[in-house]
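Trainee: Structure provided below as structure tokens; questions to follow.
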């Protein structure tokens, strides 16, 4: 739906008419208010005014009897991210125990609740009011949780604490939940500009925010990998050789600090620390040369022990890499104003 409009003079004002198909599609009538926003490229964005009722969207999913849990989860996640308020799942026969568990688990991660449940029919519904939600608040919560995971893992590297490490694993689900929520919000903001205005979100930032959210989630994943490896080492009674442990603690401290500073730089649009964060990745590479290859250590004869220490080492390296990515993203975002 595009075309040119002639500017007309009405009293002392210049006016244009709105396309009739657009007016009809949005169910607008004479006297109603629309939102007009000047974009950075000086174009005008016209949308229904804040408070306009978009209506509930409903998605119907047909589940095959032999469909995998991961396939069902992917379909539900896709529906949630695309802004559906209701998701109806129907089985050609009945939902197996595995199917029911998969639906419950993914619903708990998506701020959705089961409002109907039968042998072959389940209805999920979200009660979110996106207009009252904040993308920046969701990002800050994601970061606070992920950074607390980093600090607890670092503490457990220095002094093993199984109970503390287990809490790190439980927090990973909270990060995933906030990631899905944030992605839903920014996707809705792109297709509903009026909602973006209500959330104080600039549409041009959405791509950068999506990348940031994915990076934070991946960092949380790698912190969880470190936690699982520490648990396995503790359960097998394996101690990390002192020289290796000292290096791991040092590089983890640098990587985790880089991550924290990179996210804060993004939030504040502050590039003063970004080059230091990017350079820290090279510093970590130099430190790793001290403990590579690990198999040369005489204290590590068990293959699974070596594997877990390698996982810890590589996860710390990945976290440093993602922190550098966020720093570069901050530079690009800051100058794109």
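All of the numbers you see were taken from the coordinates with simple rules; none came from a lab. Quick caveat, the model's predicted, so the values are computed rather than measured. Cβ: placed from backbone, ideal geometry, glycine included. Neighbour counts: every protein chain shown.
Trainee: Among 21-29, 124-132, 139-147, how do they line up by average Cβ neighbours within 10 Å per residue, starting with the highest?
Mentor: So the order, starting with the most tightly packed, is 139-147, 124-132, 21-29.
Trainee: Now a separate question. Which value in deg cm²/dmol, rounded to the nearest 500, describes the helix-derived mean residue ellipticity at 222 nm for the chain, given -39,500 (n - 2.57) per DSSP H run of n ≥ 4 and division by the residue count?
Mentor: Helix-only estimate at 222 nm: -20000 deg cm²/dmol.
Trainee: Taking the radius of gyration and the Kirkwood hydrodynamic radius from Cα positions alone, what is the Rg/Rh ratio for the chain, to two decimal places?
Mentor: 1.08
Trainee: Considering only DSSP beta bridges with both partners in the chain, what is the antiparallel share in %, to the nearest 5?
Mentor: 75 percent
Trainee: In addition: Using a Förster radius of 30 Å, what is the FRET efficiency between residue 234 and residue 282 based on their Cβ-Cβ separation? Nearest 0.05, please.
Mentor: Given R0 = 30 Å and the Cβ-Cβ separation, E is 0.40.
Trainee: Could I ask something else about it? Just to be sure I understand the model, the point goes 7 Å from the Cα along the line to the Cβ. What's the resulting residue 97 to residue 166 distance in nm?
Mentor: 2.4 nm
Trainee: Let me ask something additional. Highest GNM mean-square fluctuation, the chain, Cα pairs closer than 10 Å: which of 253, 11, 120?
Mentor: Judging by the Gaussian network model, the answer is 11.
Trainee: Going by how many other Cβ atoms sit within 10 Å of their own, how do 264, 289, 113, 199 line up, fewest first?
Mentor: Least to most surrounded, the residues fall as 289, 113, 264, 199.
Trainee: Tell me, what is the FRET efficiency for residue 43 and residue 210 to the nearest 0.05, using R0 = 25 angstrom and their Cβ-Cβ distance as r?
Mentor: 0.65
Trainee: Report the FRET efficiency, 1/(1 + (r/R0)^6), for residue 22 and residue 264, where r is their Cβ-Cβ distance and R0 is 41 Å, rounded to 0.05.
Mentor: Efficiency, rounded to the nearest 0.05: 0.50.
Trainee: A further question follows. Angle, helix 97-109 long axis vs. longest principal axis of the chain, Cα atoms, 0 to 90°, nearest 10?
Mentor: 80 degrees
Trainee: Quick check: the angle from helix 135-158's long axis to the longest principal axis of the chain, C-alpha only, nearest 10 degrees?
Mentor: For 135-158 against the chain, the angle is about 0 degrees.
Trainee: Could you order peptides 93-99, 3-9 by the average number of other Cβ atoms within 10 Å of their residues, highest first?
Mentor: Going from most to least packed, we get 93-99, 3-9.
Trainee: For the ranges 270-277, 255-262, what's the packing order if you count other beta-carbon atoms within 10 Å of each residue, average per peptide, and put the highest first?
Mentor: 255-262, 270-277
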